[in-house]
Structure formats: C-alpha cells, structure tokens
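The structure appears right after this line, and notes come after that.
Only the coordinates and a few stated rules stand behind these numbers; no lab work does. Everything numeric in this text was worked out from a predicted model, so none of it was measured. So basically every Cβ, Gly included, is an ideal-geometry build from the backbone, and we count neighbours across all protein chains shown.
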C-alpha cells in the first residue's frame, strides 16, 4: 500500500502532458509528433526513431505476455502456464490485428468501451470487498515513501508511475481527437473533460490493483501469478469473485493491446510521411489525417503484432518491468517537448501558451524522473 501515491501522481502527470498535447494540436492543427519533428529538427527525429522502435518491441512483448497469462488463467488448457502465455499471447496479438483491420476506429471504440467497462467494474468491486485496512490506504495515498522490496523498490515504483495511464501511447490521443473531428481552441474544454474522466478512472483502477495485490498473499510468480491471485480470491469472494477478477484482468490487458495495435501505427505512418518521404513542409491547415489503409500504417501494424512475439519466450516478470521502466523514460522527453513547443506564443498563441502552473508541473516531471533515474542507476552500480 505504500506506493499508492505513485499511482495518483502518475495519472496526474499523464493528464498534464495529455492536456498540453491537445492544446498544441487544437492551436496549430498539428499533432505533437508533427510539431516536434518539424520544429525540433534532425536530433529529435533520430532520437524518436530509436526510442520508438525499442519501445514498440518491449510494449508489444509485454502486452502479448499479459494477455496470454490472463487468457490461460481463464482457459487453463495447457499444463504449463508459460506455454499458455506463449500460445494465447500470439492468439491475442492476431485477434487485435483482425479487429483493427476489420472495423477501424468505430469498432475500436466499441470494443475498448466494453473491455474498460468490465475491467473497471470488476476490479474496483474486488478491491472494495477485499480491503480490510483503509487506514493503510490513506497512509499510502498521503505519505509518499518507497519500500525497500529487496533493493528493487525504487525500480518498481518508477515502473508503476511511468506505466499507469500509458507511456508513448499518450501521443495517440491527438490522432483520436482528429478522428472525432475536433479542431480549434473551442474544443479544448471537451478534451479536458475527456482526459480528466479518463485519468480519474485510470487512477482508481491502478489503486484497486495495488490494493488487491497488497491484500492477498500468493506464492506464485511470473506467468502463474494471475492464476494464484485468482485462486486466493476464491476464498474470501467465492467462485464468482474469482471469475469476475479474471474477466476484469483480461479486459484491462486486452484493451491495452488493442489500443496500441490501433494507435501506434499512426505514429509510424506520420513519421514515414514527414521524415522518410520528406513531406514535412506546408501549413498546418494542409495536414490530412493518417491513411489507415496506406502501406506504412498497415506494415507497422503487422510489425508490432509479429516481431515482439520473440519476447514471449522471456520471463514474464522481467518483460513487464523492462517495459514499464523503459516506458517511463518517455515522460521527461515529452515534458521537455511540451515546455518548448507550448512555451512560445508565436506558435500556439498567448491564450493557449503554457501557464506558470503548467510550466512548473512539466519542469517538476523532468526533475522527478531524472532524479529517480539517477537513484536507480546508482543503486544498480552499487549491486
């Protein structure tokens, strides 16, 4: 329970950066990626390309792995949980491709809504029924501290803070609001409502998962952990509680996989158009949406669905940690970009420029993650 504060802080920081992303796009007509690649030059283009490719592999492996574990917990047809993770992870990835190709954004919205509804209702109810020490919850929320956890407390805390509410995928929000037809400063209030609601739900879900994990003692680890956790829930909540948790866990991880499979190819297609094809000039008003039927979008959809399957053969625990810590590295990069792009009135206008409070939060995000990164590096060198 000691790390509950990290969930809330992570969700709040994601809200701030996403709001800045929406503000940039509504002010300029460019997505944040377009703005950064156009205005920050070749260093930004090279840095993004390297990070994006590595991130795609880690996140793809982590999501397939998590989906495989969740499905095997529901349908334990394999004697070995690791085998179930691999087989069902591959199946989940291919199902995600089919849904993205078949239904486009409209089907994506519907399936995501269903998954998130199941996820939120079942996991939150499970946490409320299980929690016996609300005082510990209050202390974990109000008194920030990092448990030792065998010397790994800092790394897992940074992973939790960086992973809750998305990492590089926050860039995809710009493409989703473009799909919804939002343009111009008049739609900023609607985007803020979107984001506040979304990250409040995200924070509650993250808190519920930490409470569940802190309340139930399990002996399993790795690919068998979800099964052990569900079995432990059967004693206080009965068979119905066990199945509700498994369905909620699957809703969480499959909605994440589907979101990445649908949205991340947008980023690659935009990068291809702006950098590889060199169509990075022109006015904001001339920008068109990403062609989801085009070759760059579809090629990257297949790449992210197939190449990271190699990661299924590695430890579930380590894949999850590497993905979350690596994803957390994107936060200071994104915060710096927003400080630069949204800090200039000649680019976004005086009305949508960063306010002093927003500037302070973004600067604090950079300092916070750099500090944690330095601490973690020092701890690793000392081991």
Taking the chain as the reference, fit the longest principal axis to its C-alpha atoms, fit the long axis of helix 153-163 to the helix C-alpha atoms, and give the angle between the two in degrees, 0 to 90, nearest 10.
50 degrees
By Cβ neighbour count within 10 Å, fewest first, 261, 176 rank 176, 261
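Given a Förster radius of 25 Å and the C-beta distance between residue 40 and residue 295 as r, what FRET efficiency does 1/(1 + (r/R0)^6) yield to the nearest 0.05?
Values: r = 27 Å, r/R0 = 1.06.
Calculated value: 0.40.
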Return 255, 92 ranked ascending by Cβ neighbour count within 10 Å, so the fewest neighbours appear first.
255, 92
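For residue 101 and residue 139 in one chain, what is 0.36 nm times their gap in residues minus the Cα-Cα distance, to one decimal in nm? Before the final figure, lay out the partial values.
Values: separation 38, 0.36 × 38 = 13.68 nm, distance 4.62 nm.
Difference between extended and current length: 9.1 nm.
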Starting from a Cα-only point model with no solvent, please compute log10 I(q)/I(0) by Debye for the chain at q = 0.13, 0.14, 0.15 1/Å.
-1.12, -1.30, -1.49
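For residue 131 and residue 306, FRET efficiency with R0 = 45 Å and r from the beta-carbon atoms, rounded to 0.05? Each step should come with its number before you reach the end.
On the way: r = 41 Å, r/R0 = 0.91.
Once the sixth-power term is evaluated, E becomes 0.65.
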Between helix 225-271 and the chain: long-axis angle, C-alpha atoms, 0 to 90°, nearest 10
20 degrees
Quick check: the angle from helix 188-215's long axis to the longest principal axis of the chain, C-alpha only, nearest 10 degrees?
20 degrees
Report, in deg cm²/dmol and to the nearest 500, the calculated mean residue ellipticity at 222 nm for the chain, where each DSSP H run with n ≥ 4 adds -39500 (n - 2.57) and the sum is divided by the residue count.
-26000 deg cm²/dmol
